[in-house]
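Notes to accompany the following structure.
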Amino acid sequence: MSTTDIKIPAPGKPWQASRSDKLKSFLTVISAGIFTFILVNVTPLKGKLAYFILFFISVIVFEYIRQRITRDSQAAKDSVLSTLSILGIVLTLIPIFSIVLTVFVKGYKGLHWQILNKDMALASVNDPIEAGGLLHAVLGTFLLVFVALLISFPVGLLTGIYLTEIRGTLSRPIRFLVQAMSGVPSIVAGLFILSAVIYPITNSLSGLMGSLALTILMIPTIARTAEEVLKLIPDDLREAGVALGATQWRTVAMVVVPAAKSGLLTAVILGIARIIGETAPILLVTGGADKTNLNPFEGSMGSLPFYIWKAFLTGGTEQSIARGWAGMLILLIFIFILFGSARYISGRRS
Amino acid sequence: MALLEDRVNSVPAPRELTTKPRRSDQIFRFVVTLGGMSSLVILGLIALFLSIKGIHILNEKGFSFITESRWEVVTDENQEVIQSTFGIGAMLVGTMLTAVIALFVGVPISILGALYLSFYASGRVKTFLVSLIDLMAAFPSLLFGFWGFFVFMDSAEYWAKLINKYLGFIPIFQVPTPIFERSPFIAGLVLAIMIIPIVTSISREIFAQTPLDRIQAAFALGATRLTMIRAVVIPYGRGGIVGGAMLGLGRAMGETVAVYTVLNVVYAVNWQMLFGAGGNIASLILLKFGEAGAYEVDALMAAGLILFLLTLVVNFAADFLVNRFGKRGR
């Protein structure tokens, strides 16, 4: 008897749902749907809400009964939790899809080919859409974010390095404070810049003030992400650096930080995503302009959030609403790009 | 011989052994520590400068700044303040009301969603959903605000009418006049949607820290997922979830733009959450700032200080809970 005659059992996955299991749960959901449909049409209940609630209740009940009959009461109770957890995730997803869909459907009406070529210096929000664009807003947002990044990246990185490299006695309280700082309401950041810089010193609103306010919101995000990233660098590298005679400064600057380069880029991107749509401090301290202004140190500066805010609140016509949604669309696209690149970078690393 | 002697002399003296860091390291440590202290410095400066501007208002008004529910300032033709009443009582009530509604709606949904992500979903579905929810956490509040105003309001108004019709005998669901638009209820729901991604991701992290051996022990003893979650995951993560909910509370209390757009900011104490009037401290600041004179700005700074301290306390408590209970199993 040769070895080829021995039957090797095919590897199975008995814990996974089999095809008939999947079919049965699918049928349960379908029958619950049909039941809901009948119920809504027979009883006075009506509307999307009634469909939604009744559908979920009937799925829970049907699934409970099915499990009760085919298995036992424990399995039946278990099925209630699994249906409820699916309800939780569905309720989380509905707003996401609704928001993204709304922005794309309403936003594209306000787009035109010259939108990134014109500013609103000669147009009011109620003018025809082709009359103006959001050049000033996009440039303003870029400048605000860039200047904020120049300040907050070094500070955030130093905080991260303190928490991972120095590991001093203050590590715990500082971690605590960074966390607390990430909860500072954005309007308070604006008020702080007003009270600390604008009223006592400059007495004028400008892009730089906006950047300073955004810095306060950006530092905790960068610091926390930088800490996470630096923590991932293996201690072997640090020890190797020190063993080769490097000082701690050289080890950190030439080994640890370069090794964490892509992670730190992620930190920057997440920091930008955090502040790019921040509105409340922008409204308080940048002044908000309709004209392109490339000097962050002088004169009021426009930005995407301000553009959207102004279009929605001062307009009221169809054009202004379309403008607002178009601005929102551009802002959302920026966030998508930032988020996608952050995921791409961190995905490539692991 | 002379050559050899030269050689011997040129051997460097043994380096002095010391644990004292070099000059460059001392500078490095100093700079990094300075950078690390930035969060402390900034938080301190925020408290300091808001106090400098606002403290005289708090001194003048005393305790009534918190309890009083009027915000009026009377000026003569030279913009001199004749008489003023500042009190954030109504807005404090509004802040609490909207934040509590947000927690009441948002936290159960987040916990259920996090349970799904941690114990039911797997593979690509999980990765996709997690990144989608992380993405939602990065949506600006402006977006939530205007979506809430233009899209969500209609449905929410309809739900508010239903609640009022069938549960109207409960005092908080009553309305003085049938105005259901722009109510604290709707603002609370929008805030709930805003905090769901945050609370979900924190709960997921907490659930992920449940020791695997205990989970497997529960399954080995014949537990279903429900009994496993009830016996292992929930007792283990309870404190962390409370902490996550409080982080959501902090975010909901400090929210400005979304509340300002969705809620009809009216300066009066309103407990009836379905009625279209209310506000929170942050939206008050934004509303009054535009037309405020110097004296009123100081009062707004004082309100900002109170809001800052409030969110700071909530965040400290939240962080304490998350760290205390979240890291226990590691």
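Some notes on this structure:
- Candidates A:L170, A:L134, A:L143 - the one that is in the same structural domain as A:R323 (by TED's automatic domain parsing), under 23 Å from A:I335 (Cβ atoms) and surrounded by fewer than 23 Cβ atoms within 10 Å (Cβ to Cβ): A:L143
- Selected residue (criterion: nearest to the other protein chains (Cβ to nearest Cβ)) from residues of region B:303-326 that are within 24 Å of A:L191 (Cα to Cα) and more than 12 Å from the chain's Cα centre (by Cα): B:G304
- Only listed residue being β-branched (V, I, T), touching a Ser or Thr at 6+ places or on another chain (Cβ under 7 Å) and assigned to a loop (DSSP other than H, G, I, E, B), chosen from A:V147, A:V155, A:V178, A:V125: A:V125
- Subset of region A:171-203 (residues that are at the interface with chain B (Cβ under 7 Å from one of its Cβ atoms) and more than 20 Å from B:R251 (Cα to Cα)): A:I174, A:S195, A:A196
- Out of B:L132, B:L142, B:L117, sole residue that is within 8 Å of chain A (Cβ to nearest Cβ) and either of a type in the set (G, A, S) or in contact with a Ser or Thr (Cβ under 7 Å, 6 or more places away or on another chain) (or both): B:L142
- Some residue of region A:45-63 being over 38 Å from the mean Cα position of the chain (by Cα) and among the aromatic types (F, W, Y): no
Residue-by-condition table, conditions (1) away from chain B (no Cβ under 11 Å); (2) buried (at least 16 other Cβ atoms within 10 Å of the Cβ):
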residue	(1), (2)
A:P305	no, yes
A:L313	no, no
A:G316	yes, no
A:R323	yes, yes
A:M328	no, yes
A:G340	no, no
A:S346	no, yes
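- Among the candidates A:K118, A:K106, residue that is over 21 Å from A:M209 (Cβ atoms), surrounded by 15 or more Cβ atoms within 10 Å (Cβ to Cβ) and more than 14 Å from chain B (Cβ to nearest Cβ): A:K118
- A:V242 at pLDDT 90 or above and touching a helix residue (DSSP H, G or I) at 6+ places or on another chain (Cβ under 7 Å): no
For (1) touching a residue at least 40 places away in the same chain (Cβ under 8 Å); (2) out of contact with any Ser or Thr (no Cβ under 8 Å at 6 or more places or on another chain); (3) away from chain B (no Cβ under 14 Å); (4) crowded, with 19+ Cβ neighbours inside 10 Å, each residue gets a yes or a no:
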residue	(1), (2), (3), (4)
A:G207	yes, no, yes, yes
A:L230	yes, no, no, yes
A:A243	no, yes, yes, no
A:T266	yes, no, no, yes
A:I276	yes, no, no, yes
A:A280	yes, no, no, yes
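- Residue ranges of helices (runs of 4 or more DSSP H) in region B:125-217 with at least 2 members among the hydroxyl-bearing types (S, T, Y): B:153-167, B:184-208
- Verdict on A:A196 being modelled with pLDDT of 90 or more, part of a helix (DSSP H, G or I), surrounded by 21 or more Cβ atoms within 10 Å (Cβ to Cβ) and small (G, A, S): no
- Positions within region A:114-144 being closer than 13 Å to A:G315 by Cβ and touching a Phe, Trp or Tyr at 6+ places or on another chain (Cβ under 8 Å), in sequence order: A:M120
- Subset tally (residues that are among the polar types (S, T, N, Q) and more than 30 Å from A:D72 (Cβ to Cβ)) for region B:227-261: 2
- Pair list, Cβ under 9 Å, 6 or more apart: region B:1-24 residue under 15 Å from A:G245 (Cα atoms), other residue modelled with pLDDT of 65 or more and in a loop (DSSP other than H, G, I, E, B): B:P21/A:T247; B:R22/A:T247; B:S24/A:T247
- Residue within region B:178-201 that is at the interface with chain A (Cβ under 8 Å from one of its Cβ atoms) and modelled with pLDDT under 90 present: no
- Boolean, B:A252 is buried (at least 24 other Cβ atoms within 10 Å of the Cβ), away from chain A (no Cβ under 14 Å) and modelled with pLDDT of 90 or more: no
- Some residue of region A:152-160 being touching an Asp or Glu at 6+ places or on another chain (Cβ under 6 Å), within 13 Å of chain B (Cβ to nearest Cβ) and surrounded by 19 or more Cβ atoms within 10 Å (Cβ to Cβ): yes
- Counting only helices (runs of 4 or more DSSP H) wholly contained in region B:1-113, the ones carrying 3 or more residues that are surrounded by 10 or more Cβ atoms within 10 Å (Cβ to Cβ) occupy B:23-36, B:38-61, B:64-67.
The values are calculated or read from the model by the stated rules, or taken from the named source; none is laboratory data. All of these numbers come straight from a predicted model, not from anything done at the bench. So basically every Cβ, Gly included, is an ideal-geometry build from the backbone, and we count neighbours across all protein chains shown.
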